[in-house]
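Accompanying notes for the structure given below.
The values are calculated or read from the model by the stated rules, or taken from the named source; none is laboratory data. All figures in this text were calculated on a predicted structure; none of them were measured in a lab. Cβ atoms come from the backbone with ideal geometry, glycine included; neighbour counts cover every protein chain shown.
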Amino acid sequence: MISVFVLQLVSMDVFWIRNREDRVFKFFLVKILVICLFSVILVSDYSGREIPVLNSVPANSEGIFFKRLFSALEKILALRSNPSQHKIENRVLKGDTITKILEREGIEYNEAFRLFLDVRDVYDLKKIRRGQKYSLVFQEGQLKTFSYEIDSHRYLKAISDKNRKFIGRIERIYYRIERKIIRGIIEDSLYLSILKRGERADLADLLASLFEYDIDFNRDIRQGDTFTVLVEKWYQGSEFNHYGPILAARFSNRDRIIHVLRYTDPQGKTAYYHPDGQAVQKMFLRCPLPFMRVTSRYGIRRHPVLGFSARHNGVDLAAPPGTLIRSTSSGVISKTGYERIKGRYVIIRHPNRYATHYYHLNRIKTGIRPGVSVIQGQIIGYVGRTGRVTGWHLHYGIRKNGRFINPLNLKSPSKNPVKKAFRQNFEQYGAAMLFLLSGSRILDIPARLQRFYWGLGQVNTVRVSEPVVVH
């Protein structure tokens with residue numbers, strides 16, 4: 001960066017010399033020497049640290065140049081007088097403790113432990129989690145400030161006072177929120193399509209979880225399917241931090257189009273609905289595994305071990321060892337154990353005389369035992385190959401009124417539609433959101449109309465006033 005700057009200055013002043021007297025040539029040489037000195041200072045003492053940068057210099061403003069140069073040099077000399085003043089930012093690693101983190105950053109164990117004790121009443125640093133951000137500010141070789149990101153909304157800040165005691169407090173993280181529309185076409189997978197749009201894989205997880213009641217992303221996705229999503233993006237300054245909730249989404253899969261809307265009714269209840277007011281959440285998830293392939297379907301089949309035809313009362317879902325198994329519906333654990341044919345298994349009882357069966361588990365999650373209540377999506381075990389099997393897979397079955405049914409053909413009932421008293425309000429809000437999703441060009445909505453789009457049917461006030469941006 002500095003080399004380019006110096007070359008620009010040289011090329012500028014060579015033209016200037018040709019039109020001046022010899023005394024100006026001497027002035028030019030002095031300038032070059034000062035620039036060289038400035039560059040040496042930067043390279044020798046300030047690698048990896050924030051330093052002042054000169055702005056562009058007009059070709060006819062030598063006085064302005066020196067004024068800015070000397071101002072920058074004064075700042076550098078101020079830094080040189082306190083060379084230990086700097087900031088370190090990093091993330092918690094697997095197996096880290098607060099003392100291990102601080103020792104890795106050059107702090108002695110006694111001081112690290114003192115920090116832990118001083119802030120324990122404010123926040124217990126035993127709870128630090130892998131991947132969370134932390135920062136340290138050193139002044140005159142001593143730790144002055146320690147910050148730790150507790151979650152996406154709060155962080156711990158500990159400041160050392162004159163007695164070297166750390167005063168801790170919890171502070172709020174402030175964000176700038178933008179609402180953006182992102183469109184894409186499925187070519188390989190939903191994840192790759194999201195990444196090709198310049199977005200994070202987190203958005204694919206959000207989108208998949210939103211449509212998992214209607215689309216099996218392992219079996220139903222086809223090349224050429226399209227999606228449109230209106231999502232909040234949360235920024236700290238100019239840096240993107242994380243995604244907020246999806247406000248509306250559209251997915252075109254095969255010959256069907258599915259819309260999902262996030263709606264908060266006047267009573268403050270927030271949930272996802274289809275445009276007809278039916279809740280997105282259904283009694284059963286489409287699949288207990290995040291990814292898999294069907295190796296054996298429901299019905300009569302030739303048994304892979306016994307060699308003769310027999311009824312298969314479920315579906316076999318192949319997946320890597322240890323893949324997480326989710327309960328497809330809320331209910332109560334009715335039975336767990338091990339049998340010669342089923343291997344390790346879990347059976348869950350659900351409302352309306354339904355039951356789900358999970359066989360051949362490698363391990364049952366700790367705490368999953370008869371009588372324990374589970375919620376939809378809760379982890380109950382891990383894919384294995386126990387019992388009479390030929391490979392790693394999960395046998396998944398559903399019983400209704402005591403008889404097994406085909407899990408892949410289950411028409412799962414919806415739960416808790418929009419209340420009739422709020423139906424008109426919901427329909428107005430839904431029409432506005434569907435209009436945004438169906439747009440074919442970038443929409444720049446005036447602030448006075450944003451109150452209508454974002455506030456219609458919503459209880460919370462609008463948090464941002466930026467235009468909607470279509471990717």
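Within the group Leu408, Leu317, which residue is among the hydrophobic types (A, V, I, L, M, F, W, C) and assigned to a strand (DSSP E or B)?
Exactly one of Leu408, Leu317 is among the hydrophobic types (A, V, I, L, M, F, W, C) and assigned to a strand (DSSP E or B), namely Leu317.
Considering only residues that are touching a strand residue (DSSP E or B) at 6+ places or on another chain (Cβ under 7 Å) and of a type in the set (D, E, K, R), look in region 91-110 and name the one that is modelled with the lowest pLDDT.
Residue satisfying both the conditions and the ranking: Glu105.
Name the residue that is modelled with the lowest pLDDT, counting only residues in region 346-391 that are of a type in the set (A, V, I, L, M) and part of a loop (DSSP other than H, G, I, E, B).
Val389
Tell me, which residue of region 247-257 that is of a type outside the set (A, V, I, L, M) and more than 30 Å from Ala355 (Cβ to Cβ) is surrounded by the most Cβ atoms within 10 Å (Cβ to Cβ)?
So, considering only residues that are of a type outside the set (A, V, I, L, M) and more than 30 Å from Ala355 (Cβ to Cβ), the one surrounded by the most Cβ atoms within 10 Å (Cβ to Cβ) is Phe251.
Suppose the filter is at pLDDT 90 or above and either farther than 30 Å from Glu427 by Cβ or among the β-branched types (Val, Ile, Thr) (or both); does Phe146 pass it?
In short, yes.
Residue-wise test of (1) surrounded by fewer than 12 Cβ atoms within 10 Å (Cβ to Cβ); (2) out of contact with any Ser or Thr (no Cβ under 8 Å at 6 or more places or on another chain).
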position	(1), (2)
Arg91	no, yes
Lys94	yes, yes
Thr99	no, yes
Glu103	no, yes
Ala112	no, no
Phe116	no, no
Lys127	yes, yes
Arg130	yes, yes
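Identify, by number, the condition in (1) crowded, with 19+ Cβ neighbours inside 10 Å; (2) at pLDDT below 90 that Val260 doesn't meet.
So the condition that Val260 fails would be (2).
Could you please give the count of residues in region 245-260 that are farther than 21 Å from Ala279 by Cβ and part of a strand (DSSP E or B)?
Residues meeting the conditions: 1.
Here is a yes/no grid of residues against (1) more than 24 Å from Ile380 (Cβ to Cβ); (2) assigned by TED's automatic domain parsing to the domain that holds Trp392; (3) without any contact (Cβ under 8 Å) to a residue 40 or more places away in the chain:
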| residue | (1), (2), (3) |
| --- | --- |
| Trp234 | yes, no, no |
| Asn241 | yes, no, no |
| Pro245 | yes, no, yes |
| Ala248 | yes, no, no |
| Leu261 | yes, no, no |
| Thr264 | yes, no, no |
| Tyr273 | yes, no, no |
| Cys287 | no, no, no |
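In region 137-147, which residues are over 12 Å from Phe166 (Cβ atoms) and either crowded, with 16+ Cβ neighbours inside 10 Å or not polar (S, T, N, Q) (or both)?
Val137, Phe138, Glu140, Gly141 - these are the residues of region 137-147 that are over 12 Å from Phe166 (Cβ atoms) and either crowded, with 16+ Cβ neighbours inside 10 Å or not polar (S, T, N, Q) (or both).
Between a first residue in region 117-133 that is in the same structural domain as Gly95 (by TED's automatic domain parsing) and β-branched (Val, Ile, Thr) and a second residue that is loosely packed, with under 15 Cβ neighbours inside 10 Å and not in a helix (DSSP H, G or I), which pairs have beta carbons less than 7 Å apart while being 6 or more apart in sequence or on different chains?
Val122/Arg169; Val122/Ile170
Quick one: which of Gly224, Gly237, Gly244, Gly198 is touching an Asp or Glu at 6+ places or on another chain (Cβ under 7 Å), of a type in the set (Gly, Ala, Ser) and surrounded by fewer than 18 Cβ atoms within 10 Å (Cβ to Cβ)?
Gly244
Going by the conditions given, is Arg286 more than 24 Å from Phe211 (Cβ to Cβ) and either touching a strand residue (DSSP E or B) at 6+ places or on another chain (Cβ under 9 Å) or at pLDDT below 90 (or both)?
No, not satisfied.
If the requirement is being of a type in the set (Lys, Arg), at positive phi and either surrounded by fewer than 16 Cβ atoms within 10 Å (Cβ to Cβ) or not in a loop (DSSP other than H, G, I, E, B) (or both), which of these qualifies: Arg179, Arg164?
Step by step, each of Arg179, Arg164 is checked, and only Arg164 is of a type in the set (Lys, Arg), at positive phi and either surrounded by fewer than 16 Cβ atoms within 10 Å (Cβ to Cβ) or not in a loop (DSSP other than H, G, I, E, B) (or both).
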